[in-house]
Amino acid sequence: MQDIENIKQSFPLFSNEEYKDVLARKKGDYENGHPVDTVDETFAWTTSVEYKELNFAREALTVNPAKACQPLGAVLCALGFEKTLPYVHGSQGCVAYFRTYFNRHFKEPVACVSDSMTEDAAVFGGQKNMIDGLENAKHSTSRR
């Protein structure tokens, strides 16, 4: 098991037998996967020339940011829990966008913090940013 004194990065952590069992059980119990032949058929279709031509024939595409950005959805979900401070492991710009988006939607201030990762931290590992950010978030919420 992980503890605060021995935090492992995701790749070595998820290769442990304990996590392999948890992920396999989750997949079997909750994901309602499709049969392998259906997945193979869909893959073959989406990699075909016909599909590519249909895809590139589009003239316009509209993207709803609330449906296209998983972290935005996670922040929205966290806002539904009392005394919860949404925390984003990412750049400060993402959280600024999230807060602006929700402020406009809800017409009131929305709390959300990030560990303000830079490009270097994202490429070379942002674990230190995450640990410092979580400690800061905990400290700021414990003063209330």
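Quick notes
- Note on the range 65-142: Rg/Rh from Cα positions, Kirkwood definition for Rh, rounded to two decimals, is 0.97.
- 3J(HN,Hα) along the range 125-142, derived from phi through the Karplus expression 6.51 cos²θ - 1.76 cosθ + 1.60 where θ = phi - 60°, amounts to x, x, 4, 5, 4, 5, 5, 5, x, 5, 5, 5, 5, 5, 5, 5, 7, 6 Hz, with x in place of Gly and Pro.
- Stretching the chain fully between residue 54 and residue 120 yields a gain of 19.9 nm (0.36 nm per residue, less the alpha carbon separation).
- Every helix of 4 or more DSSP H residues in the chain counts as -39500 (n - 2.57), and over all residues that averages to -18000 deg cm²/dmol at 222 nm.
- Scanning residues 5 or more positions from residue 88 or on other chains, those with amide H under 5 Å from its amide H are 113, 114, 115, with H placed 1.01 Å from N in the peptide plane.
- Remark: relative contact order (the chain) = 13 percent; criterion is Cα-Cα distance under 8 angstrom and separation of 6 or more residues.
Read-outs throughout are calculated quantities, based only on the coordinates presented, and are distinct from any laboratory measurement. It should be emphasised that the depicted structure is a prediction, and the values quoted were computed from it without experimental measurement.
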